[in-house]
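> Please read through the structure below; I'll follow up with questions.
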Amino acid sequence: MTALLRYLAADLLRSQAFFLPALLFLAVLGMLNSGDPGPPLSAYQGTALVIYPVAAALTMVIANAEDPVARQVTLVTARGWGRVLAALLALAVLALLLLTALALLVPLLVNPRPQPPSLLLAGALAHLGSGLLGVAVGLLCARPLLHRPVHAVSTILLGVVLVVFLGRVPPIGNLMTLLEGGDGSHALAALTGNLALSAGLLAATAALVYAIGRKRL
């Protein structure tokens, strides 16, 4: 599994397909922290929301980095779609953890205001809850479900629009309200619930993609 993960990561770096979504996240992170971002959680609110579509786009490019012929070779070498899917999912989650770390560390470096551990925990829960849902959407937008880039991008945009129209529905719609009181036990419990819900949706999505991939690949 480690060798497969290294191979997929190297293939992703060679494709450079990750550049645009990563640049978008870094641009938002830089804008939110270019001056005094205000209270510690103010910067977290923006990046916790934008990490959702960015994680979806990154997952999509991670899953599609190999061309179809190379993917067939990888499937044979890895002895099945299950191992390949697990490695792709692990790579997407590692990318999410890296973005989350950046989103938490940059405000610490540029913001002179004190940031107790409870605020950092609230920020981490918010980013991971939002990001894991993005990973699930990205899996749905990649092969073997969607093959055309225009369909994949349209689906990601539809996912973003749905989050807006759903209002305060967890796990993303209630982030702004929860982060405003992120140092409270109730808010932390709700953010943990959001993370658990996103993880459950990701597990269900991975099971669906695995079942479809076994038939199509």
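> Conditions first: (1) of a type outside the set (A, V, I, L, M, F, W, C); (2) open to solvent by less than 30 Å² (accessible area, probe 1.4 Å); (3) more than 14 Å from Ser130 (Cβ to Cβ). Gln72 passes all but one, so which condition is the exception?
Here Gln72 clears every test but (2).
> Moving on. For region 101-113, indicate whether the set of residues that are under 30 Å from Gly82 (Cα atoms), touching a residue at least 60 places away in the same chain (Cβ under 8 Å) and polar (S, T, N, Q) is non-empty.
no
> Taking region 109-165 as the region of interest, how many residues are buried (at least 19 other Cβ atoms within 10 Å of the Cβ) and over 20 Å from the mean Cα position of the chain (by Cα)?
Final tally of qualifying residues: 1.
> Condition test on Arg79, is it more than 22 Å from Ala152 (Cα to Cα) and either in contact (Cβ under 8 Å) with a residue 12 or more places away in the chain or within 22 Å of the chain's Cα centre (by Cα) (or both)?
Answer is no for this residue.
> Within region 182-207, track down each residue that is in contact with a helix residue (DSSP H, G or I) (Cβ under 8 Å, 6 or more places away or on another chain), more than 16 Å from Val93 (Cβ to Cβ) and either polar (S, T, N, Q) or surrounded by fewer than 14 Cβ atoms within 10 Å (Cβ to Cβ) (or both).
Of everything in region 182-207, those that are in contact with a helix residue (DSSP H, G or I) (Cβ under 8 Å, 6 or more places away or on another chain), more than 16 Å from Val93 (Cβ to Cβ) and either polar (S, T, N, Q) or surrounded by fewer than 14 Cβ atoms within 10 Å (Cβ to Cβ) (or both) turn out to be Thr192, Asn194.
> With the requirement that a residue be out of contact with any helix residue (DSSP H, G or I) (no Cβ under 6 Å at 6 or more places or on another chain) and either open to solvent by 60 Å² or more (accessible area, probe 1.4 Å) or farther than 24 Å from Thr2 by Cα (or both), what does region 88-105 give you?
Leu94, Leu97, Leu98, Leu102, Leu105
> Given the residues Leu188, Leu201, Leu119, which is the only one that is assigned to a helix (DSSP H, G or I) and at pLDDT 90 or above?
So the residue among Leu188, Leu201, Leu119 that is assigned to a helix (DSSP H, G or I) and at pLDDT 90 or above is Leu201.
The values are calculated or read from the model by the stated rules, or taken from the named source; none is laboratory data. None of these values were measured; they are calculated from a predicted model. Because the Cβ atoms are built from the backbone with ideal geometry, glycine has one as well, and the counts that use them run over all protein chains shown. When the accessible area is computed, the model is the full protein with side chains, heavy atoms only, and any ligands, DNA or RNA have been set aside. Shrake-Rupley method; radii C 1.70, N 1.55, O 1.52, S 1.80 Å.
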